[in-house]
Ligand code: MN
């Protein structure tokens, strides 16, 4: 069964001031779609086509891995941002952020530092180690926690295509705006109940 581009759960006009509609049209409708198309092309007629996306990312290599990871990273990223963020982290995640980064502000500083400091294209991740500790990793290209035995909680896409139309070369302004529009309810579910996340981000919950 062919893989699909998941729908956005907000309107393309709803992410101001973080992102304009044109960025979502191009980033979701063209960049993300091209990764989905590439996965379908590469895995067609192979046993990989039977795997769930998490399994595919964990078990593939080279071009198929790169495209599958980009499909997964983007599907996850769209859920990390929210139209308006008046929210703050709550519950177990809020406690863990304070425990591991000293304060919410401490987390924001470390995350912004990672996202702004990554050379070239990649992703900045907040993830939970198997021991339950939170960590921040800026990873190149398509890399993410999926292959490193960690559970993703939040990600910021820092490939230039994620911000160029709105911020040109000013990645720092984009990262600061991103941190103001995080969907903390989603991040909290990723931290506390990661089992349901694959279906949630791919919009496949109803199909199973
Ligand atoms: Mn991207």
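Matching residues to (1) assigned to a helix (DSSP H, G or I); (2) outside the structural domain of residue 172 (by TED's automatic domain parsing):
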{"position": "3", "(1), (2)": "no, yes"}
{"position": "16", "(1), (2)": "no, yes"}
{"position": "30", "(1), (2)": "yes, yes"}
{"position": "35", "(1), (2)": "yes, yes"}
{"position": "38", "(1), (2)": "yes, yes"}
{"position": "45", "(1), (2)": "no, yes"}
{"position": "66", "(1), (2)": "yes, yes"}
{"position": "96", "(1), (2)": "yes, no"}
{"position": "106", "(1), (2)": "yes, no"}
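If the condition is being within 30 Å of residue 14 (Cα to Cα) and either surrounded by fewer than 16 Cβ atoms within 10 Å (Cβ to Cβ) or free of Cβ contacts under 8 Å to residues at least 12 places away in the same chain (or both), then the range 41-56 contributes only 54. Of all residues in the range 164-180, those that are within 23 Å of residue 128 (Cα to Cα) and crowded, with 20+ Cβ neighbours inside 10 Å total 2. Going by the structure shown, is residue 59 farther than 19 Å from residue 190 by Cβ, in contact with a strand residue (DSSP E or B) (Cβ under 8 Å, 6 or more places away or on another chain) and free of Cβ contacts under 8 Å to residues at least 60 places away in the same chain? Considered against the rule, which asks whether it is farther than 19 Å from residue 190 by Cβ, in contact with a strand residue (DSSP E or B) (Cβ under 8 Å, 6 or more places away or on another chain) and free of Cβ contacts under 8 Å to residues at least 60 places away in the same chain, residue 59 comes out as no. Residues in the range 73-124 that are within 16 Å of the ligand (Cβ to nearest atom) and over 15 Å from the mean Cα position of the chain (by Cα) were compared, and the one that is surrounded by the most Cβ atoms within 10 Å (Cβ to Cβ) is 118. Of all residues in the range 57-72, one or more are closer than 15 Å to residue 153 by Cα, touching a helix residue (DSSP H, G or I) at 6+ places or on another chain (Cβ under 9 Å), within 14 Å of the ligand (Cβ to nearest atom) and at pLDDT 95 or above.
Against the test of being more than 16 Å from the chain's Cα centre (by Cα), within 16 Å of the ligand (Cβ to nearest atom) and exposed (fewer than 14 other Cβ atoms within 10 Å of the Cβ), the options 30, 12 yield a single qualifying residue, 30.
Among the residues of the range 19-27, none qualifies, meaning not one is away from the ligand (no atom under 16 Å from the Cβ) and either in a loop (DSSP other than H, G, I, E, B) or within 16 Å of the chain's Cα centre (by Cα) (or both).
Residues are listed down the side, and each one gets a yes or a no for (1) in contact with a helix residue (DSSP H, G or I) (Cβ under 9 Å, 6 or more places away or on another chain); (2) at pLDDT below 95; (3) closer than 22 Å to residue 15 by Cβ:
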| position | (1), (2), (3) |
| --- | --- |
| 101 | yes, no, no |
| 110 | yes, no, no |
| 136 | yes, no, no |
| 161 | yes, no, yes |
| 165 | yes, no, yes |
| 176 | yes, no, yes |
| 187 | yes, no, yes |
| 190 | yes, no, yes |
| 207 | yes, yes, no |
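The values are calculated or read from the model by the stated rules, or taken from the named source; none is laboratory data. Being a predicted model, the structure only gives us computed values, none of them experimental. Positions of Cβ are generated from backbone atoms using ideal geometry, with glycine treated the same way; all protein chains shown enter the neighbour counts.
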